[in-house]
1. At 0.36 nm per residue, and after removing the present C-alpha to C-alpha distance, how many nm does the segment from Gln191 to Arg35 gain when stretched out fully?
2. Between helix 30-44 and the chain, what is the angle of the helix's C-alpha long axis to the longest principal axis, kept within 0 to 90° and rounded to the nearest 10?
3. Pulled fully out, how much extra length does the chain show between Thr42 and Arg137, if you take 0.36 nm times their separation in residues and subtract their Cα-Cα distance?
4. Based on the Kirkwood radius over alpha-carbon pairs, what is the Stokes-Einstein translational diffusion coefficient of the range 96-197 at 10 °C with 1.306 mPa s viscosity, in µm²/s?
5. With no solvent and one equal point scatterer placed on each C-alpha of the chain, evaluate the Debye formula and give log10 I(q)/I(0) for q = 0.11, 0.12, 0.13, 0.18 Å⁻¹, two decimals.
6. What shape does the range 37-131 have by the C-alpha gyration tensor, where a ≥ b ≥ c are the square roots of the eigenvalues, rounded means a/c under 1.5, and otherwise prolate means a/b greater than b/c and oblate the rest?
7. Round to the nearest 10 and give me the degree value, 0 to 90, for the angle of helix 11-25's Cα axis relative to the longest principal axis of the chain.
8. Using just the helices of the chain, give the 222 nm mean residue ellipticity in deg cm²/dmol: DSSP H runs with n ≥ 4 each add -39,500 (n - 2.57), and the total is spread over all residues, rounded to 500.
Amino acid sequence: MSLGTMHTTDATLSTYVAAVRDLIDADLDAVATARRVEQLNTELIPLDYCVPAELRTEHPGVPYTRNLVYADADHRFAVVVLVWGAFRETRIHDHLNWCVVRCLQGSCFETSFALVEERMSEGHAEVCATGGRTLARGGVMGLVPPPRENMHQLANAGWPTAITLHTYGDPGTRARVFDPVTRKVDIVALQFHNLLP
Ligand SMILES: [Fe+2]
């Protein structure tokens, strides 16, 4: 199995990525993988862990910055640091595969959504909020693949900056986004801001 690309020399993240890679090599199902990745976050990343400077850099003009930590050579997973300004939020989106979020600084708020199945048509979908939870510093949450618990909106719950670590069971470069007002559904390309020129 070929190694992917690390975009930091940080020892904690290097250890974490190696453990996730070993787990992915074991080829468990998505639910078991996500639950074990949640555990690895808690076991390997201390509560007082400080993200290295090169991954804390905020990109101007975007609601939140996505800095790539590691891209698997075989596109099986990716690890990304997100840096959020005060009360900044994602669009409502779902995931191609499992996803695990660890809050490293500040606090985050997740609103979960569900599709209103009978109101779907080509390119459009109605969504409804189904719950919410706060993720304090050190907290971890996992999402497993559709159709289970996989659609959400994530926000910085406070002021000023929140930092989260996202581990995706895919390259982390695409998301399906839902506009709750127009009901339009789009696939969007997601950037890694630390790789931009
Ligand atoms: Fe997400």
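Laboratory data are not the source of any read-out in this text; all were calculated from the coordinates shown. Here the structure is a predicted model, which is why all the values come from computation and not from measurement. Please note: Cβ atoms are built from the backbone with ideal geometry, for glycine as well, and neighbour counts cover all protein chains shown.
1. Full extension from Gln191 to Arg35 adds 53.5 nm.
2. 40 degrees
3. The span from Thr42 to Arg137 would gain 33.1 nm if fully extended.
4. The estimated diffusion coefficient comes to 107 µm²/s.
5. -0.48, -0.57, -0.67, -1.32
6. Prolate, since a/c reaches 1.5 and a/b exceeds b/c.
7. Approximately 60 degrees, to the nearest 10.
8. Details: 3 runs with 34 residues, N = 197.
That calculation yields -5500 deg cm²/dmol at 222 nm.
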